[in-house]
Amino acid sequence: METAQYLHKYNSFIFEFDDVLYPEKDYFLQVYYLFAQFIEYAEQRDATELLAFMKSDFDSHGHEGIFDRTMFHFNLDEKYRVNFDLLMQNVKLPLKLLLFDGLMRFLQSIAEAGKQIFLMLSGDPVMQLNKIRQTEWNGLEVHLIVYFTEEFGEQSTEANLFTIMGKHGAKAIETLFVGHPSQAILINPSSGINYLEANKLLA
């Protein structure tokens with residue numbers, strides 16, 4: 001379905017954020033760069049070597065647990081975990097986060113049509129808000145209504161979506177959820193939720 005058809009069919013659009021609107025790797029790698037610079041200053045260790053390890057480790061194992069693996073590899077003190085965690089939450093990025101081109105164009109077309117755009121963010125609200133503030137929205141930020149799923153308590157993706165829709169009187173039949181491919185198995189076809197994998201909009 002072409003984006004124009006989505007605009008014709010739906011009045012409200014709910015988007016996930018990480019690896020949906022932008023590549024989350026762009027955030028992580030900038031944090032790793034700044035952490036490596038900090039360790040070079042604090043421990044006189046080679047920042048280039050540390051950053052190269054973290055990039056390679058991220059490509060192989062992902063972000064989860066990367067501090068522990070880096071600490072073990074370079075024999076770093078556990079005390080630096082606090083610095084790493086603070087950077088993850090509150091970092092001032094050297095470069096703004098850029099939206100995927102296809103998603104940015106789609107968001108712009110929704111905004112121009114005067115339809116509702118919701119962001120549904122999971123994970124640490126402090127870090128997620130920091131990411132939003134350092135994303136290049138190209139003027140789209142004034143059209144966004146943001147929700148943090150942690151504020152809803154422990155509930156399913158489906159329940160989160162219905163909570164957002166309920167707050168704005170949006171009907172499921174008129175709402176499109178654009179999410180990460182991993183959501184496909186979490187959305188029950190009988191729920192009435194219209195789900196679209198974000199990567200189908202990347203072209």
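For Gly192, which of the numbered conditions (1) without any contact (Cβ under 8 Å) to a residue 12 or more places away in the chain; (2) under 22 Å from Glu2 (Cα atoms); (3) of a type outside the set (Val, Ile, Thr) fails to hold?
Just one mismatch for Gly192, condition (1).
If you check Asp85 against the conditions, is it free of Cβ contacts under 8 Å to residues at least 60 places away in the same chain and in the same structural domain as Leu51 (by TED's automatic domain parsing)?
yes
The values are calculated or read from the model by the stated rules, or taken from the named source; none is laboratory data. Since the structure is predicted, the reported quantities are computational estimates derived from the model, not experimental observations. Note: ideal-geometry Cβ built from the backbone for every residue, glycine included; neighbour counts use all protein chains shown.
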